[in-house]
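Here is the structure we will look at, set down as structure tokens.
The values are calculated or read from the model by the stated rules, or taken from the named source; none is laboratory data. These numbers were taken from a predicted model, which means no experiment stands behind them. Cβ sites come from the backbone with ideal geometry, for glycine too, and all protein chains shown count toward neighbours. What goes into the accessible areas is simple: the full protein's heavy atoms, side chains included, and nothing from ligands, DNA or RNA. Shrake-Rupley method; radii C 1.70, N 1.55, O 1.52, S 1.80 Å.
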Amino acid sequence: MILRSLSAIVLLIGGLTTPTPTPAAKPTCDYYVSTSGSDQGDGGSRRPWKSVEQARDRLRAKKGHQNCDIVVNVKAGDYVVDKTITFTEADSGENGHKITYRSADGPGKARLLGAKPLTGWQKYNDTIYKTKVDRSFYTLFEDGKRATTARYPNRTSDDLWSPYLFSVTPEAEYQAVHNWLFFDPKDVPKEWDADFDKNSQMVVWSGGSWSWFTDTVPLGGADFRKNFFTLNNDARFTLVNSRSGSRYFLQNTLRFLDQPGEYYFDFANSEVYYWPKSSIDKVMAPTVKTIVSLAGSSPEHRVQNLAFDGLALQYSDFVDWYRYGWNGPGDSGYEHKYPIYDRQIEMPRNRFGMITVTNSRDIDLTRLHLSDSGYTGVFLLFANERVKVSDGLLDNIGGDGIKVEGGYPGEGDISGHHTITNNYIYHVGELVPGDAAGIELMSTGNNTVSNIVVKHSARYGISLEVRPEIKNEDNYARGNRFSYIRLEETGLDSGDMGAFYTYGVHNVEPHPIDNYVSQMVIGDVINDPAGQMPDSGTRGVHMDAGGCGFAISNVEVGKVSDDKYQAYKCNEVTNANWVDGFDTSKMEYDKIGVTGAFPYPIPS
């Protein structure tokens, strides 16, 4: 440990090494973590700790009355995370000081890996290997790239989700069900009946022509006489509506494993089969769903004054089945002022990210590189105040890039004043294309979102949502400012959407202006034609189910398949290219997107 101060010559933390004072305007205490560290380390540069967890535990036990900013310098290397690293209020910075965990050798050099190699591979046939495993997982990686669960029909591209099959109209009494999908017998060969795989799953845009949400559901069986699959869990919507069947594909059956980069998990026998693209020795399987958790024990006891700078977090897991929200008002089993919000919020089992933050205040997540997540990258859940997410690269994200979920409307404004700035978010919704967004804000206000690039999303670029039933006084999605933003390649696999999207914000007159959008460029918003998307078209800006009280200025939208802008007449719009008189000289193109201070190479 090194203490930098004009006069400090005493131990900061009893039991740790004696500090060496050096001049500084503000005292700072340095500790070190290294892959060559040990249990016997004291955290000094010569005897570093071996892990972030060890640093956390030593500081928790020893920090006492903190009188300097503590910096934990994590040296370059790979640190495998077998169990979520959790920080509580006991790990907070105290007395106005911060505790920072930083990549000592530059951004992205210290890597926390939520996966470890699979070993023990044996040849199953000429191209496929198999191995026994000691745990279940729901995504897989080879050489830093996500593998594909063996599926039918095969995808046309690693970058897209198509093609799909379509459910068909069953007998009338079965049209309203959520757990039976009737298939066209031309799509599902009868020979599958003899050995239908009980590990099979379905990914489906339930709701027919409503391409809004995707469900990932294990299958309980298949009836090849009446031509339907049984889903083990109810889908979000019924599988057929008046205009269309639901798009779906089947996955996780050995017979579908027919090309490199695909895997099959036999859960019953704890065996994984894989056809490698390059080397079977480069296959990584997740160990955790969340790598870092910041969780105070309650809104009254928050984790605070913590910072994480320059760390890379790679690999995390998905879930065995996924559906967005409860299907009906009040289905959560808890009483709420607006039971309908049960349909708008993630179920508890899905409230996680590669970094999950709850009951926090004054947290900095800076210069991070998050990649290959099973679900959301950064998830701010419920009571959080003044969280900063800046200068980060998020790529190959299973769900949303950054998600802020406030509290239930009308029950306390507990989330806000966050800063999300100078982030590049690339390839989101990899495993959950339905409702995916680069940044999603739910029931939260007074946030600043600026200098953002979101590129390649099945659905949204950025969304701000509540519910249309929420009264203005219970709507917390106010005071948000969005500026200097570029949204590219959005709406790739869905419809009835906007690259910039709002839902149910300010539906009661007089619609006061209290959200602001300025200096935004939205590229072409065009569906993947192979996706056969049956919903209404794509839009640049879509203010859905109200979407009122916005001042929108200096916005340019590329090609769309519907309207560049769709909203009620309840917003102020100036200098946008869907109205006459658009003046490009007012666009600050050179300031839109990430700035020159962005610390990582731009993905290509």
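Matching residues to (1) modelled with pLDDT of 95 or more; (2) among the aliphatic types (A, V, I, L, M); (3) on the phi < 0 side of the Ramachandran plot:
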{"site": "208", "(1), (2), (3)": "no, no, no"}
{"site": "213", "(1), (2), (3)": "yes, no, yes"}
{"site": "229", "(1), (2), (3)": "yes, no, yes"}
{"site": "244", "(1), (2), (3)": "no, no, yes"}
Lone qualifier among 217, 204 - being open to solvent by less than 20 Å² (accessible area, probe 1.4 Å), more than 30 Å from residue 125 (Cα to Cα) and part of a strand (DSSP E or B): 204
The listed residue being open to solvent by less than 10 Å² (accessible area, probe 1.4 Å), under 14 Å from residue 88 (Cα atoms) and not hydrophobic (A, V, I, L, M, F, W, C), out of 296, 310: 296
Test: residue in region 583-604 that is under 13 Å from residue 500 (Cβ atoms), open to solvent by 50 Å² or more (accessible area, probe 1.4 Å) and out of contact with any helix residue (DSSP H, G or I) (no Cβ under 6 Å at 6 or more places or on another chain): no
Long-range neighbours under 8 Å by Cβ, at least six apart or interchain, first residue under 18 Å from residue 281 (Cα atoms) within region 131-150, second surrounded by 20 or more Cβ atoms within 10 Å (Cβ to Cβ) and among the basic types (Lys, Arg): 139/146; 140/146
Residue in region 515-535 that is within 30 Å of residue 588 (Cα to Cα), touching a Ser or Thr at 6+ places or on another chain (Cβ under 7 Å) and buried (at least 24 other Cβ atoms within 10 Å of the Cβ) present: yes
So residue 359, is it touching a strand residue (DSSP E or B) at 6+ places or on another chain (Cβ under 6 Å), farther than 19 Å from residue 310 by Cα, open to solvent by less than 10 Å² (accessible area, probe 1.4 Å) and not in a loop (DSSP other than H, G, I, E, B): no
Matching entry among 17, 28 (being open to solvent by less than 50 Å² (accessible area, probe 1.4 Å), at pLDDT below 80 and polar (S, T, N, Q)): 17
Whichever residue in region 425-439 is without any contact (Cβ under 8 Å) to a residue 60 or more places away in the chain and aliphatic (A, V, I, L, M) and, among such residues, is farthest from residue 344 (Cα to Cα): 425
Cross-chain or 6+ apart pairs with Cβ under 7 Å, region 311-336 first and without any contact (Cβ under 8 Å) to a residue 24 or more places away in the chain, then open to solvent by 10 Å² or more (accessible area, probe 1.4 Å) and of a type in the set (Ser, Thr, Tyr): 326/332
Test: residue in region 119-128 that is open to solvent by less than 40 Å² (accessible area, probe 1.4 Å), more than 22 Å from the chain's Cα centre (by Cα), under 26 Å from residue 427 (Cβ atoms) and modelled with pLDDT of 95 or more: no
Filter result for the condition that a residue is over 17 Å from residue 313 (Cβ atoms) and in contact with a Phe, Trp or Tyr (Cβ under 8 Å, 6 or more places away or on another chain), over 117, 107, 163: 163
Counted residues, region 97-128 - those being without any contact (Cβ under 8 Å) to a residue 12 or more places away in the chain and touching a strand residue (DSSP E or B) at 6+ places or on another chain (Cβ under 8 Å): 2
Region 536-567 - residue that is within 20 Å of residue 437 (Cα to Cα) and of a type in the set (Ser, Thr, Tyr) and, of those, surrounded by the most Cβ atoms within 10 Å (Cβ to Cβ): 538
Within region 176-190, tally of residues that are over 30 Å from the mean Cα position of the chain (by Cα) and either in a loop (DSSP other than H, G, I, E, B) or surrounded by fewer than 18 Cβ atoms within 10 Å (Cβ to Cβ) (or both): 8
Residue match in region 539-546 (condition: at pLDDT below 95 and part of a loop (DSSP other than H, G, I, E, B)): yes
Count of region 151-181 residues which are touching a residue at least 60 places away in the same chain (Cβ under 8 Å), among the hydrophobic types (A, V, I, L, M, F, W, C) and farther than 30 Å from residue 394 by Cα: 6
Any hit, region 63-84, residues being open to solvent by 70 Å² or more (accessible area, probe 1.4 Å), under 17 Å from residue 102 (Cβ atoms), under 26 Å from the mean Cα position of the chain (by Cα) and not hydrophobic (A, V, I, L, M, F, W, C): yes
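Name the residue that is nearest to the chain's Cα centre (by Cα), counting only residues in region 346-389 that are charged (D, E, K, R) and over 28 Å from residue 142 (Cβ atoms).
Restricting to residues being charged (D, E, K, R) and over 28 Å from residue 142 (Cβ atoms), the top hit is 351.
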Out of 473, 469, 465, 440, sole residue that is at pLDDT 95 or above, of a type in the set (D, E, K, R) and farther than 28 Å from residue 158 by Cα: 465
